Structures are given as C-alpha cells and as structure tokens.
1. Might you check whether a residue that is modelled with pLDDT under 90, over 26 Å from residue 36 (Cβ atoms) and either surrounded by fewer than 15 Cβ atoms within 10 Å (Cβ to Cβ) or assigned by TED's automatic domain parsing to the domain that holds residue 15 (or both) occurs anywhere in the range 139-157?
2. Scanning the range 210-227 for residues that are free of Cβ contacts under 8 Å to residues at least 60 places away in the same chain, under 20 Å from the mean Cα position of the chain (by Cα) and in a loop (DSSP other than H, G, I, E, B), which turns out farthest from residue 13 (Cα to Cα)?
3. Consider residue 85 against the criteria (1) surrounded by fewer than 24 Cβ atoms within 10 Å (Cβ to Cβ); (2) closer than 26 Å to residue 118 by Cα; (3) in contact with a helix residue (DSSP H, G or I) (Cβ under 9 Å, 6 or more places away or on another chain): it satisfies all of them except one. Which criterion is unmet?
4. Taking the condition of being more than 17 Å from residue 81 (Cβ to Cβ), more than 13 Å from the chain's Cα centre (by Cα) and in contact (Cβ under 8 Å) with a residue 60 or more places away in the chain, how many residues in the range 109-129 meet it?
5. Can you tell me which residue is modelled with the highest pLDDT among those in the range 100-116 that are surrounded by fewer than 19 Cβ atoms within 10 Å (Cβ to Cβ) and in contact with a helix residue (DSSP H, G or I) (Cβ under 9 Å, 6 or more places away or on another chain)?
6. On the basis of being in a loop (DSSP other than H, G, I, E, B) and either under 22 Å from residue 115 (Cα atoms) or at pLDDT 85 or above (or both), does residue 262 make the cut?
7. Go through 273, 205 for me and flag whichever is modelled with pLDDT under 95 and either out of contact with any strand residue (DSSP E or B) (no Cβ under 8 Å at 6 or more places or on another chain) or not assigned by TED's automatic domain parsing to the domain that holds residue 124 (or both).
C-alpha cells in the first residue's frame, strides 16, 4: 500500500521521518511518498483532502477533523517552544500600537497565529506569508514586527531583531500544559489497525533516528541547506522530544485544550462530536 505523506522541510520533520522514507526500518508492507511543503501549505492541502498522512498546525485541526484523526507519534509539542514575536524598531510588546503597526504571521491557519491572537487580540493589521520570509519582511520595513517559528528562533538576534514576546508563555501560564505546535494526521476513513500500524512505523522511524543521531542524515541536510549543522541540531533538540514519540496524557490534554480554544476563536461547529485521537 502506497501512502502520500506531507512534511515540512524543517529538521524536526525530516529527522523523524527519514528512516521510514528511505528503507532504514521495516515499514510492514507500507510505502510512503513524501511531499515537502511549508506548514501553511500542508494545512491547505489537508483541507482539500489531498494527502493520506500529513503534518499540520494543531490550530488548524478543528477544520480538518471531519476527514482526519490525530496520530500519537511524530508531532511537535513542548515547554518553551512557542513562536517568538520579534522586531527591529520596537523594544517591547507594549509598544505595539493596534492602529499603527503591522505584524507578519506564518499563515492564517497556523498555531502561531492562534497563539498570537490569544496574546494580542487587539492587533488587526496582519500580513500572512511563508515563515521563512518574515525576518526579511521586518528588516526591509515591510512590516513592523513578525512572529517567527522553526529555525528562525536561532538566527533572529544575529540579524538585529529583538524578541518582544514568547507566545507560548501565556499558554503555559494559563494551562500548565505543553504547547502543541504541529501534529500528524491520517485519514479518518482508514481502519483502526492501519492507523495503529502507521503510528507504530513513525515511532520506529524516530527511535532509529535517535539511535543514529551522531550523524545527521542527508535528507535532513539537503532540506535545510541555509542552516549550519549546529542550528539543525538545536532545532531537532528543541522540537523532537518525548511528545514526538507519544503524546501521552499531558500531550493529549494540551492538544484538546488548544482545539477547544481554536474552535472558540474561529467557530467550528460540531468538531467535538468526532473521535479526535487514535486509541
């Protein structure tokens, strides 16, 4: 059985999924064809149902749950991993003027946008763009501030940008739960044994990656060409943790809380009636 799988080109995804894509583990008769896109594109592809399995922003899941379920492995959650609000003209978050300043965000359906909306509900002047364009948009003066994710959190300071806020702080202080950033979905139409198999293979792929982490795979390096290996490893160390292996009770509680919050900000009637996780 051949399954399409959507991933971002970021080191955490390519690290986790390298082994199952490149014949390094037993995939139990399944074959996977990858499609690498930025996460907002993956969110949109999931809305149109184009992919069998895909990484998405947890903030987008309420609008996807009719067709997909959340797998237990492969996602990105954690403490202190929230998106960062940065600027080169403002000194702190209190300087943001809703009537004057414009903020760049990495996609309307992203968890970053959801967390920003929770922290700064009064800000309406938003421009959405691919995450890797946000730093340059700030530096060029196209926007006054921006929310950065992924590897940009390791490089913004050397580009003269200042952190105004860590958008996960509000979430963590309110809920006491890890921040759910992105998860792995699989088609709801699949039988539960197949969903269990897919989840099991993802876990084996990650376990293989950890066991062989002394040398980063070419798949990781090829898709992170503008990063040094030091930044790649920092990225992996931050985002690939115990929650990537299994959500666990804390991870599931965090995801469910985020889904409820997302559905409140962008009303999504009826999503609560669906089985969300794969048990």
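The values are calculated or read from the model by the stated rules, or taken from the named source; none is laboratory data. Since we're looking at a predicted model, the values are computed, not measured. Every residue, glycine as well, gets a Cβ built from its backbone with ideal geometry; the counts of neighbours run over all protein chains shown.
1. Checked the range 139-157: at least one residue is modelled with pLDDT under 90, over 26 Å from residue 36 (Cβ atoms) and either surrounded by fewer than 15 Cβ atoms within 10 Å (Cβ to Cβ) or assigned by TED's automatic domain parsing to the domain that holds residue 15 (or both).
2. Looking at residues that are free of Cβ contacts under 8 Å to residues at least 60 places away in the same chain, under 20 Å from the mean Cα position of the chain (by Cα) and in a loop (DSSP other than H, G, I, E, B), I get 226.
3. Single failed check for residue 85: (1).
4. Qualifying residue count, the range 109-129: 2.
5. Going through the qualifying residues, I end up with 101.
6. no
7. Matching residue, one of 273, 205: 273.
Yes/no matrix, rows are residues, columns are (1) within 18 Å of residue 25 (Cα to Cα); (2) out of contact with any helix residue (DSSP H, G or I) (no Cβ under 7 Å at 6 or more places or on another chain):
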| residue | (1), (2) |
| --- | --- |
| 196 | yes, yes |
| 210 | yes, yes |
| 220 | yes, no |
| 227 | no, no |
| 230 | no, yes |
| 234 | no, no |
| 238 | no, yes |
